Amino acid sequence: MTEEFKKLKSKLLQIVKEKSYEKKDVILASGKKSDFYIDCRQTTLHPEGAYLVGKILYSMIKESDLKIEAIGGPTMGADPIATAIAVVSHLEGNPLPAFIVRKEPKKHGLGQWIEGKKNLANGAKVAIVEDVVTTGGSSIQAVKRAEEEGLKVVAVFAVVDREEGGAEKIREAGYEFNAIFTKRDVVG
């Protein structure tokens, strides 16, 4: 890890702690109860936070040697992440298109599950990106939907791994998994 990468991660962690972390009782998307919440949208919709997430995840994707051709994930959490990575990848001369996986097919028009599909070759090697991974359920669902649409998912990347079994579930399903931060990084 370069010194520049460490600085970027440190600054992003500061923003995540300031904007996204809250100590309070909540029910998570997985249905689990938790005494803290990490709302990464507060970070990924912040100008510097979005840039840092895009820059760091793009670097992680590039370093993975997986030859990823596009990035996307489940709406809403992944929308700003995929867009940030796409913008950074363009600026760095290796454009990766972004796509969005819907929760249900569009009720009108073409009834699509995936937005941005015209930018993707059939069989393209893609990564699913997530804001926070808890049980891995939404990641696996996005993987399945992307594969049903003709894409080849090779990895899942997240901003935060809550360390509640999601990483293991994703790996057991046969996909590489990497997160910028873990629960320990954010909560302390």
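A short reminder: the numbers here are calculations on the coordinates, not readings from a lab. Given the structure is predicted, the values throughout are model-derived calculations rather than measurements. Cβ atoms come from the backbone with ideal geometry, glycine included; neighbour counts cover every protein chain shown.
Selection of the range 23-79 for residues being crowded, with 22+ Cβ neighbours inside 10 Å and over 28 Å from K125 (Cα atoms) yields only I38.
For the structure I just gave you, tell me whether I140 is part of a helix (DSSP H, G or I), in contact with a Phe, Trp or Tyr (Cβ under 8 Å, 6 or more places away or on another chain), touching a residue at least 12 places away in the same chain (Cβ under 8 Å) and under 28 Å from D39 (Cβ atoms). For I140, the condition - part of a helix (DSSP H, G or I), in contact with a Phe, Trp or Tyr (Cβ under 8 Å, 6 or more places away or on another chain), touching a residue at least 12 places away in the same chain (Cβ under 8 Å) and under 28 Å from D39 (Cβ atoms) - is not met.
Does G123 qualify as being over 30 Å from D185 (Cα atoms), touching a Lys or Arg at 6+ places or on another chain (Cβ under 8 Å) and surrounded by fewer than 19 Cβ atoms within 10 Å (Cβ to Cβ)? So G123 fits the description; yes. In the range 57-80, the residues that are closer than 16 Å to Y175 by Cβ form Cβ pairs under 8 Å with partners that are among the hydroxyl-bearing types (S, T, Y), at six or more places apart or across chains, as follows: G73/S139; P74/S138; P74/S139.
If you go through the range 149-184 and keep only what is farther than 13 Å from E130 by Cβ and either out of contact with any strand residue (DSSP E or B) (no Cβ under 8 Å at 6 or more places or on another chain) or part of a loop (DSSP other than H, G, I, E, B) (or both), you end up with E149, G150, L151, E163, E164, G165, E168, E172, A173, G174, R184.
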